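Visitor: One structure, as structure tokens, below. Some questions next.
Here, each number is a calculation from the coordinates, and none is a lab measurement. Everything numeric in this text was worked out from a predicted model, so none of it was measured. Note: ideal-geometry Cβ built from the backbone for every residue, glycine included; neighbour counts use all protein chains shown.
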């Protein structure tokens, strides 16, 4: 209700609006309430003082552009006699070819209103009188409707006051809670200013600015605009500074942004996400270049080639690679995952094996594979679920990176395959969740094949991959897949593995809980699924320890039904039924 009072344009209830504003400012001291307030269309904006706006210099005589930097071509009619076409840009565009989106129109309106207030020196007069006096003078805030708030925060970014800039960047980070707000800041021109401020001499400003860019880059569209503004160079330079000069939180945020830009899956994403999303005319990976005057669009492939051209040399810089390898050797699995993902992008785009080997990337990979949380888990201690999740993600990223590196002979000549195989086998047989074993198994198979040994039936690595990754994965597909075709393929593949007589294969199926889903698909599956399930359950019934589980899964009535139906598999069903206790 208070939020509606502030957004309503009713002059006669100013006293009520003042009380509502103060109540919301008090509630906004709690982070959860602050999000709820922003969801109602209000944004917290810092009050930086009238003196800070003295450095505001609006462009009065140049032909203006949209807030995001997009140029508007002048119409053939020429400017208005009284300068109205310049002053009221966006309100008098009569060119039929100009199609302003709603977000751009909102940005124009917000900028016009806030710049007008700044010109006449009245931008904070009312807010100064109505702000909550309990807030410290350096933290005083006001609430504005989101259109005005976005424009006000972008305006503050262009001032000279360091404290004001830092507070505005912090507010942008806090306000970037959804795609709508992130797109609004992009259209209002925040991205270009924030990227320029990364090189600001003040540590406080840099930290606030990178935090804002981190939150904004969550949006795929905004992230591409951030990259197009040339963020890679200053971020890489900042990351290459000594550890004593960069805090852990700053390193994490820099890696967040770099990981989103230097995404090794970008090409695949562009194939799947370049179409319309939720009825939008604009694709997932399509963004308008800020400096584009003709409205040309940049796709993922364009941005990828741009990344390779602009920052290719910096990405293979020995200092930068050494920095990433040092992060791999750290004890933080979240940072390890991000560093491994960036290194994978480097290997895919422009491999520089000499620099990677000299940076001791192998030792970095070994550090990732020796996750402390896995050791603690095997010792029986209680490990937090989040820690195990982060460890699994780091191991997956490192396994992907190692798999790509093994494609290059220069790397294979220097790597200790035996040691890496030992570490990966330990991860494979551990109790780490199944989804983190896929790339570990793939990497193990590749390591073994490159060693010159055939992955025959008796090979220990092949057996471990089958027992600890392939069989559990097939059971998951039988249990959870909604596709009859996927379930049928999984049953037949599992039956092939069991029929080959691999040691402990039937025990692995039972221990992974495969009996219950096999009985379930046998009841309603196709003829081939019934045949495969019967063969699997028959092999499992050879071990009397599995009888109780087969009976508990409801196999007996299903088998009797198959026998009585005199179908193609009734003899197999009868043999299995005779094996079970009656």
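Visitor: Counting other beta carbons within 10 Å of each residue's own, what order do 578, 528 fall into, fewest first?
Guide: 578, 528
Visitor: Ok, one more. Suppose R0 equals 30 Å; then what is the FRET efficiency for residue 389 and residue 160 from their Cβ-Cβ distance, rounded to the nearest 0.05?
Guide: That gives a FRET efficiency of 0.10.
Visitor: Arrange 468, 32 by Cβ neighbour counts within 10 Å, fewest through most, would you?
Guide: Fewest-to-most ranking of 468, 32: 32, 468.
Visitor: Ok, one more. Starting from the Cα-Cα distance between residue 410 and residue 39, subtract it from 0.36 nm times their residue separation and give me the gain in nm to one decimal.
Guide: So the chain would gain 128.1 nm between residue 410 and residue 39.
Visitor: State the extension gain, in nm to one decimal, for the chain segment bounded by residue 545 and residue 500, taking 0.36 nm per residue of separation less the distance between their alpha-carbons.
Guide: Using 0.36 nm per residue and subtracting the Cα-Cα distance, I get 14.1 nm.
Visitor: What's the FRET efficiency of residue 102 with residue 240 using the Cβ-Cβ distance as r and R₀ = 35 Å, to the nearest 0.05?
Guide: 0.25
Visitor: Cα convex hull of region 476-582: mean projected area in nm², to one decimal?
Guide: 6.0 nm²
Visitor: Which ordering of 570, 439 is given by a fewest-first count of other beta-carbon atoms within 10 Å?
Guide: So the ranking, lowest neighbour count to highest, is 570, 439.
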